[in-house]
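These notes concern the structure reproduced below.
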Amino acid sequence: MTTQTTIVQPGPDPFAWVRDLSPGVAAADQPHPYHRFRLRVPMRQEGKAPFLPLARGRNLSFYLNAYEPGMGERNLHAHDDEAVWLMLSGEATFWTEGEREVAHLTQHQGLHIPLATPYRYQNTGDGLLVMLRAAARAEPLESSADFPVGTRPGGTEGISWRYDLWSGVDEADQPDGFRRFTLRFPLRGENFRPWQPLIRGDRIALHVSSLEPERGEVNLHSHDDEAVWVVLHGQVTFYGWEDNRAIGTLHPNEGILIPRDAPYRYVNTGDGYLVMLRYGGRAEPVPAMPA
């Protein structure tokens, strides 16, 4: 098949921002305004699309993507959001203009794609490719314009947007216009912080947290970015609203979207280490931080 190289004007991502959500959580279990979801891979069923939108707010969206070997988005295209891709299983190759290879990614490796940057990708492995895509937009689409926000003004998220990155990728290997990163395991050892920033752009950032039992963010607080948390290992209980009520307990492959300015806290309520991803999305670039 010949690859199409014509670049169209960046448009809204049709899966993350338009399609109905498939959170895997009963509506009765959804604590307003927080939004819970479960990762699952039903895409091999006949008639199922390879994209599964899981959560979206005013400026942040999150979906799961699965492709059989040889499949992918074969036409070069661009979006009007800023995206972070993370491989859960399989391998994928990404290309940009001129058929330049940007990255060959395997499990727990990822790629940041800036706003309006053309790219395509393909499952270049032998098994099912499963990826997460989080994206941040400057302007909410009409379909999500009425998404509720919280009640207390939040401060700029200090971990994802300020700490030095822990990318696991040599700077010399970074492709122009894109940023690669690696989620390394185990998440312990000398000089390891409980929170490690992996990647960030103007409007989207990702960090990983690894916490012992009974540890967490124990004080009710809020942020001025919109966040999606995903549990990779362990068990966590989130609390929210102004009266500090339990939102719910999450297990591996479960997650939650926390709106901007919405009060929350969380605690590792399991018996072992808690490992979570946090995607933060902003309507505007992060303000300048003090040195």
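The values are calculated or read from the model by the stated rules, or taken from the named source; none is laboratory data. Note that the structure is a prediction, hence the values are computed from the model and not measured. Counting neighbours? That spans all protein chains shown, and the Cβs are built from the backbone with ideal geometry, glycine included.
Values computed for the structure shown
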read-out: Tally of residues being assigned to a loop (DSSP other than H, G, I, E, B) and closer than 25 Å to P114 by Cβ across the stretch 220-230; value: 2
read-out: In the stretch 266-284, the residues that are more than 15 Å from D225 (Cα to Cα) and of a type in the set (D, E, K, R); value: D271
read-out: Qualifying residues in the stretch 214-242 (those that are within 19 Å of G189 (Cα to Cα) and either of a type in the set (F, W, Y) or at pLDDT below 95 (or both)) - the one nearest to the chain's Cα centre (by Cα); value: G216
read-out: Close pairs (9 angstrom Cβ cut-off, 6 or more residues apart or separate chains): assigned to a loop (DSSP other than H, G, I, E, B) in the stretch 231-246, among the basic types (K, R) anywhere; value: E242/R152; N244/R265
read-out: Options G270, G248: the member that is within 26 Å of L64 (Cα to Cα) and touching a helix residue (DSSP H, G or I) at 6+ places or on another chain (Cβ under 8 Å); value: G248
read-out: Answer residue from the stretch 86-108, given it is of a type in the set (A, V, I, L, M, F, W, C) and more than 15 Å from the chain's Cα centre (by Cα) and is nearest to V208 (Cα to Cα) among those; value: L105
read-out: Conditions (1) in contact with a Phe, Trp or Tyr (Cβ under 8 Å, 6 or more places away or on another chain); (2) outside the structural domain of I204 (by TED's automatic domain parsing): number failed by H233; value: (2)
read-out: Options R203, R215; residue that is among the basic types (K, R) and closer than 30 Å to D170 by Cβ; value: R203
read-out: Positions within the stretch 237-259 being surrounded by 22 or more Cβ atoms within 10 Å (Cβ to Cβ) and farther than 23 Å from P53 by Cα, in sequence order; value: G240
read-out: Failed item, numbered, when E217 is tested on (1) outside any loop (DSSP other than H, G, I, E, B); (2) surrounded by 19 or more Cβ atoms within 10 Å (Cβ to Cβ); (3) touching a Lys or Arg at 6+ places or on another chain (Cβ under 8 Å); value: (2)
read-out: Selection count, the stretch 259-291, where residues are at pLDDT 95 or above, hydrophobic (A, V, I, L, M, F, W, C) and under 26 Å from V84 (Cβ atoms); value: 4
read-out: Residue in the stretch 175-190 that is in contact with a Phe, Trp or Tyr (Cβ under 6 Å, 6 or more places away or on another chain), within 26 Å of R137 (Cβ to Cβ) and among the hydrophobic types (A, V, I, L, M, F, W, C) present; value: no
read-out: Strands (runs of 3 or more DSSP E) contained entirely in the stretch 89-208, each with at least 2 residues that are at pLDDT 95 or above, surrounded by fewer than 19 Cβ atoms within 10 Å (Cβ to Cβ) and not assigned by TED's automatic domain parsing to the domain that holds A78; value: none
